[in-house]
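These notes are about the structure you will find just below.
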Amino acid sequence: MASLGHLAERKAFEIAIRQAVRYVKKDGADKSQQMMKLVDLVKKLMGNTFTDEAYEKAKWLITSPESKWSRFFAKGFDEINENVLVISLLNMGYEAFFRGTKEVRRSRERLDCNVPWLILLDPTSACNLRCTGCWAAEYGHKLNLTYDEIDSIITQAKELGIHFFIYTGGEPLVRKKDVLALADKHNDCEFHIYTNGTLIDEPFCKEAQRLGNLSFGVSVEGFEETNDGRRGEGVYEKVMNAFDLMKQYGLIFGASCCYTKVNIPVITSDEFVTMLEDKGCRYAWYFHYMPVGNDADVSLLPTMEQREYMLYRVREIRKDRMLFTMDFQNDGEFVGGCIAGGRNYCHINSNGDVEPCVFIHYSNMNIREHSLAECLQQPLFQEYRNRQPFNKNLLRPCPMLENPQVLQEMVLRSGAHSTDLNSPESVEHQCEKCYQYARDWAPRADRIWNQKVHPEKRYENYKNWRPKTDPKDYYSNEDSLSPEDREDDAKAAVLVEAWKAEHPAQPDNGIASATPLS
Ligand code: SF4
């Protein structure tokens with residue numbers, strides 16, 4: 001239960017945000033002036049979480065005609081419904097970032113374990129589609145978290161400071177009624193829903209607009225032929241209809257794209273990006289295909305050339321187009337590598353198993369038998385905490401895909417069991433599928449990583465975090481350095497020192513501020 005002080009403070013921020021949003025949305029208003037006021041409000045909320053330079057850079061980014069972000073935010077303010085904007089800013093800015101981050105940090109100290117900033121959970125394993133390579137298909141189609149169980153997870157999470165929840169599945173909107181009722185009850189939390197989009201209709205959009213605390217990531221794998229090839233006939237058309245409806249109701253939504261060897265050319269094409277922009281998407285989440293499960297098709301893994309291409313292409317789209325894009329495998333450097341195991345997030349499947357990540361189907365504990373705090377203290381999560389980051393090269397962040405020996409060790413040492421009830425998979429079998437990929441990617445990833453200085457973030461929530469002292473810490477694994485790299489070390493040391501002298505404050509790379517901080 002929120003205290004009176006908390007409620008009064010929230011109300012004050014709501015009034016301030018609503019006034020600013022109304023003004024920015026007004027025809028003919030000087031949007032850039034008002035957006036700057038919003039940055040000042042954020043500064044007031046976040047205090048010294050960011051440097052003054054970061055706030056000034058943010059102001060420049062959202063007001064300068066040279067920056068795409070000024071047009072991006074102005075378009076957002078024009079098109080997104082007022083209530084959705086206000087409630088989302090309030091829940092993400094005030095509850096999750098401002099209050100939540102501090103509480104999460106306190107909870108970490110108190111419980112001596114990772115406490116995440118967001119929780120992914122699967123209300124159901126049921127889905128009205130059956131897509132190739134979907135991890136959800138591995139769980140089977142019969143499992144559900146009850147309304148009371150989800151309610152209890154959210155209530156416990158809020159006590160730890162967590163105010164951001166993401167529903168995956170299964171198809172969460174098979175449980176539409178419960179999803180809406182929970183968003184209504186926990187109206188101080190933000191809910192992001194990964195959905196196939198086929199169940200989004202007008203009454204649902206109307207309700208989502210009224211509540212204001214729901215946003216959406218709709219799976220789309222390419223144009224009609226590619227998309228329906230994986231997801232089923234007629235799905236593409238339904239997704240386009242869902243985009244149109246959500247745009248009409250001013251909801252916040254984007255695309256969720258799983259990239260494989262097959263669909264990379266399509267989903268990174270200019271035509272595809274233009275289609276998403278025209279449909280009103282604000283973002284596109286690019287997910288690397290993960291070979292999870294006994295029947296996973298390893299041939300869908302991207303080639304090394306494709307993986308490198310994704311790195312540059314997703315950043316290019318982010319820089320130039322009217323979409324915020326993120327590639328969760330290649331953008332690890334902006335969040336300090338792997339965020340799983342409760343460092344920033346964890347996953348609760350529809351059977352109640354609390355897993356480190358949606359892709360890692362091993363666990364020691366179930367939310368039906370243990371409190372959320374106990375589940376976060378489980379041995380597998382402590383293994384994650386003890387070993388993060390899993391690689392100094394954050395282009396190789398994952399304990400499974402790029403460092404499979406690490407996951408194998410962690411699961412065996414922690415005694416975690418497979419959470420795949422249909423076809424339990426041994427960790428050896430799971431990791432075996434990744435070894436060749438990891439070996440092939442390592443030299444290429446190290447070459448790319450070694451090409452530039454990777455400045456230290458002011459705050460990294462690793463258990464064993466310590467300031468970097470050796471210039472080599474800014475590069476990749478020492479044992480992967482070629483003789484030429486080693487010769488360059490002396491020059492690199494000089495560069496790093498010069499860079500540090502010129503940038504005494506925390507550097508702002510333009511997107512770090514958009515990522516979870518806790
Ligand atoms: S376990 Fe792998 S896929 Fe999951 S968050 Fe960590 S790096 Fe990403």
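For the range 434-452, the criterion of being at pLDDT below 95, of a type outside the set (A, V, I, L, M, F, W, C), more than 16 Å from the ligand (Cβ to nearest atom) and buried (at least 18 other Cβ atoms within 10 Å of the Cβ) is met by at least one residue. Within the range 16-41, the set of residues being of a type in the set (A, V, I, L, M, F, W, C) and more than 29 Å from the chain's Cα centre (by Cα) comprises 29 only.
Sort out which residues of the range 257-270 are in contact (Cβ under 8 Å) with a residue 24 or more places away in the chain and either among the polar types (S, T, N, Q) or assigned to a helix (DSSP H, G or I) (or both), and write them in order of number.
Scanning the range 257-270 gives 260, 263, 264, 266, 267, 268.
Taken as a whole, the condition of being more than 11 Å from the ligand (Cβ to nearest atom) and either out of contact with any helix residue (DSSP H, G or I) (no Cβ under 8 Å at 6 or more places or on another chain) or within 30 Å of residue 277 (Cβ to Cβ) (or both) applies to residue 333.
Condition check ((1) at pLDDT 95 or above; (2) under 23 Å from the mean Cα position of the chain (by Cα); (3) closer than 30 Å to residue 14 by Cα; (4) in a helix (DSSP H, G or I)) across all residues:
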residue	(1), (2), (3), (4)
200	yes, yes, yes, no
203	yes, no, yes, yes
217	yes, yes, yes, no
221	no, yes, no, no
229	no, no, no, yes
233	no, no, no, no
236	no, no, no, yes
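Can residue 276 be described as away from the ligand (no atom under 16 Å from the Cβ), closer than 21 Å to residue 191 by Cβ and either of a type in the set (A, V, I, L, M, F, W, C) or not in a loop (DSSP other than H, G, I, E, B) (or both)? Considered against the rule, which asks whether it is away from the ligand (no atom under 16 Å from the Cβ), closer than 21 Å to residue 191 by Cβ and either of a type in the set (A, V, I, L, M, F, W, C) or not in a loop (DSSP other than H, G, I, E, B) (or both), residue 276 comes out as no. Being touching a residue at least 12 places away in the same chain (Cβ under 8 Å), within 9 Å of the ligand (Cβ to nearest atom) and not charged (D, E, K, R) is a condition met by at least one residue of the range 316-330.
Answer with yes or no whether residue 375 is of a type in the set (A, V, I, L, M, F, W, C), more than 16 Å from the ligand (Cβ to nearest atom) and buried (at least 22 other Cβ atoms within 10 Å of the Cβ).
Spelling it out, residue 375 is indeed of a type in the set (A, V, I, L, M, F, W, C), more than 16 Å from the ligand (Cβ to nearest atom) and buried (at least 22 other Cβ atoms within 10 Å of the Cβ).
Going through (1) without any contact (Cβ under 8 Å) to a residue 60 or more places away in the chain; (2) within 19 Å of the chain's Cα centre (by Cα) one by one, residue 365 falls short only on (2). Would a scan of the range 470-492 turn up a residue that is farther than 23 Å from residue 345 by Cβ, surrounded by 15 or more Cβ atoms within 10 Å (Cβ to Cβ) and either at pLDDT 60 or above or among the aromatic types (Phe, Trp, Tyr) (or both)? Yes.
Consider residue 272 carefully, then state whether it is touching a Phe, Trp or Tyr at 6+ places or on another chain (Cβ under 6 Å) and more than 17 Å from residue 445 (Cβ to Cβ). Against the criterion (touching a Phe, Trp or Tyr at 6+ places or on another chain (Cβ under 6 Å) and more than 17 Å from residue 445 (Cβ to Cβ)), residue 272 does not qualify. Within the range 345-369, the only residue that satisfies the criterion of being closer than 17 Å to residue 114 by Cα, within 13 Å of the ligand (Cβ to nearest atom) and out of contact with any strand residue (DSSP E or B) (no Cβ under 7 Å at 6 or more places or on another chain) is 360.
Every condition in (1) without any contact (Cβ under 8 Å) to a residue 12 or more places away in the chain; (2) in contact with a Phe, Trp or Tyr (Cβ under 7 Å, 6 or more places away or on another chain) holds for residue 374 except the one numbered (2).
In the set (1) at pLDDT 95 or above; (2) surrounded by fewer than 20 Cβ atoms within 10 Å (Cβ to Cβ), the condition left unmet by residue 114 is number (2).
In this structure, is residue 245 touching a helix residue (DSSP H, G or I) at 6+ places or on another chain (Cβ under 6 Å), under 23 Å from residue 79 (Cα atoms) and among the aliphatic types (A, V, I, L, M)? Criteria met by residue 245. Filtered by the rule that a residue be within 16 Å of the chain's Cα centre (by Cα), under 17 Å from residue 167 (Cβ atoms) and of a type in the set (A, V, I, L, M), the range 334-355 gives a lone residue, 348.
To keep it simple, each residue is scored yes or no on (1) buried (at least 18 other Cβ atoms within 10 Å of the Cβ); (2) under 22 Å from residue 323 (Cα atoms).
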site: 166; (1), (2): yes, yes
site: 174; (1), (2): yes, no
site: 185; (1), (2): no, no
site: 190; (1), (2): yes, yes
site: 229; (1), (2): no, no
site: 255; (1), (2): yes, yes
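Looking at the structure I just gave you, is residue 368 at pLDDT 95 or above, of a type outside the set (S, T, N, Q) and surrounded by fewer than 24 Cβ atoms within 10 Å (Cβ to Cβ)? Here the answer is yes, as residue 368 does meet what is asked.
To keep it simple, each residue is scored yes or no on (1) within 28 Å of residue 416 (Cα to Cα); (2) of a type outside the set (Lys, Arg); (3) at pLDDT 95 or above.
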residue: 274; (1), (2), (3): no, yes, yes
residue: 282; (1), (2), (3): no, no, yes
residue: 298; (1), (2), (3): yes, yes, yes
residue: 349; (1), (2), (3): yes, yes, yes
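Residue-level check: of (1) touching a residue at least 24 places away in the same chain (Cβ under 8 Å); (2) farther than 15 Å from residue 243 by Cβ, residue 223 misses just (2).
Every residue, every condition in (1) assigned to a helix (DSSP H, G or I); (2) modelled with pLDDT of 80 or more; (3) among the basic types (Lys, Arg); (4) farther than 21 Å from residue 78 by Cβ, yes or no:
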| site | (1), (2), (3), (4) |
| --- | --- |
| 6 | yes, yes, no, yes |
| 10 | yes, yes, yes, yes |
| 14 | yes, yes, no, yes |
| 19 | yes, yes, no, no |
| 22 | yes, yes, yes, no |
| 37 | yes, no, yes, no |
| 48 | yes, no, no, yes |
| 55 | yes, no, no, yes |
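Residues that are touching a strand residue (DSSP E or B) at 6+ places or on another chain (Cβ under 8 Å) and within 13 Å of the ligand (Cβ to nearest atom) were ranked within the range 378-398; the one that is nearest to residue 119 (Cα to Cα) is 381. Yes or no: the range 379-390 includes at least one residue that is out of contact with any helix residue (DSSP H, G or I) (no Cβ under 9 Å at 6 or more places or on another chain) and surrounded by 16 or more Cβ atoms within 10 Å (Cβ to Cβ). Checked the range 379-390: at least one residue is out of contact with any helix residue (DSSP H, G or I) (no Cβ under 9 Å at 6 or more places or on another chain) and surrounded by 16 or more Cβ atoms within 10 Å (Cβ to Cβ).
The values are calculated or read from the model by the stated rules, or taken from the named source; none is laboratory data. All figures in this text were calculated on a predicted structure; none of them were measured in a lab. So basically every Cβ, Gly included, is an ideal-geometry build from the backbone, and we count neighbours across all protein chains shown.
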